[in-house]
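Report on the following structure.
The values are calculated or read from the model by the stated rules, or taken from the named source; none is laboratory data. Computed from a predicted model, the values in this text were never measured in an experiment. Don't worry about glycine lacking a Cβ; one is built from the backbone with ideal geometry, like all the others, and counts go over all protein chains shown.
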Amino acid sequence: MGRVALIAELKTILMLRRFGPHLAATRGTLVCAYRREYRTQALAVTMRGLALREIGSSQCLRVARKEVGASFINGVAIALMTSLGVLAWSSSYGLAQVIGSSMVIAMVAAAMSGVVIPVMLSSIGQDPAQSSSIILTTVTGVVVFLLFWE
């Protein structure tokens with residue numbers, strides 16, 4: 001590893017050390033806000049499909065693919081803009097990469113969970129309207145917390 005690469009790596013580590021506790025404490029407020037929107041959207045689409053009997057276990061993969069695809073595209077676009085802002089503010093490529101990648105991962109996990117959890121509850125005979133949101137909140141919260149785990 002060259003001297004310049006080593007210095008850049010050390011700057012990234014120091015920047016993450018400096019902002020890591022803050023990110024873990026807030027669990028990335030911006031990441032959480034967008035994750036919340038995607039899990040709500042995926043849950044609403046899935047619950048509507050289940051109520052109208054348009055979605056069953058066999059269509060779960062198709063619906064999940066569409067929701068995950070949409071959340072991935074939007075996640076990348078939002079993550080690019082956010083990462084550019086973080087890069088301009090902190091001059092740290094590492095921090096910008098961490099924020100950007102965690103936004104995409106959180107959004108995709110929220111969309112996937114928003115489809116899979118209600119369908120799974122419905123397939124085991126439980127009312128998905130009653131308990132989907134609490135399980136979905138827990139799953140996506142754990143995913144975001146693990147993304148910022150130091």
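Kindly check whether there is at least one residue in the stretch 10-17 that is among the polar types (S, T, N, Q), surrounded by fewer than 14 Cβ atoms within 10 Å (Cβ to Cβ) and either over 20 Å from the mean Cα position of the chain (by Cα) or at pLDDT below 80 (or both). Steps first, answer last, please.
Step one: list which residues in the stretch 10-17 are among the polar types (S, T, N, Q), which gives 12.
Subsequent filtering for residues that are surrounded by fewer than 14 Cβ atoms within 10 Å (Cβ to Cβ) retains none.
Among the residues of the stretch 10-17, not one is among the polar types (S, T, N, Q), surrounded by fewer than 14 Cβ atoms within 10 Å (Cβ to Cβ) and either over 20 Å from the mean Cα position of the chain (by Cα) or at pLDDT below 80 (or both), which makes the answer no.
Looking at Ala106, Ala111, which one is touching an Asp or Glu at 6+ places or on another chain (Cβ under 6 Å) and small (Gly, Ala, Ser)? Steps first, answer last, please.
Numbers: Ala106 fails: touching an Asp or Glu at 6+ places or on another chain (Cβ under 6 Å).
Criteria check complete, one pass: Ala111.
Condition check: in contact with a helix residue (DSSP H, G or I) (Cβ under 7 Å, 6 or more places away or on another chain), modelled with pLDDT of 85 or more and surrounded by fewer than 21 Cβ atoms within 10 Å (Cβ to Cβ). Does Ile73 satisfy that? Walk me through how you get there before you give the answer.
Working: in contact with a helix residue (DSSP H, G or I) (Cβ under 7 Å, 6 or more places away or on another chain): no; modelled with pLDDT of 85 or more: yes; surrounded by fewer than 21 Cβ atoms within 10 Å (Cβ to Cβ): yes.
No.
Out of the residues in the stretch 94-150 meeting the condition of being among the aromatic types (Phe, Trp, Tyr) and in a loop (DSSP other than H, G, I, E, B), tell me which one is surrounded by the most Cβ atoms within 10 Å (Cβ to Cβ).
Of everything passing the filter in the stretch 94-150, Phe148 is surrounded by the most Cβ atoms within 10 Å (Cβ to Cβ).
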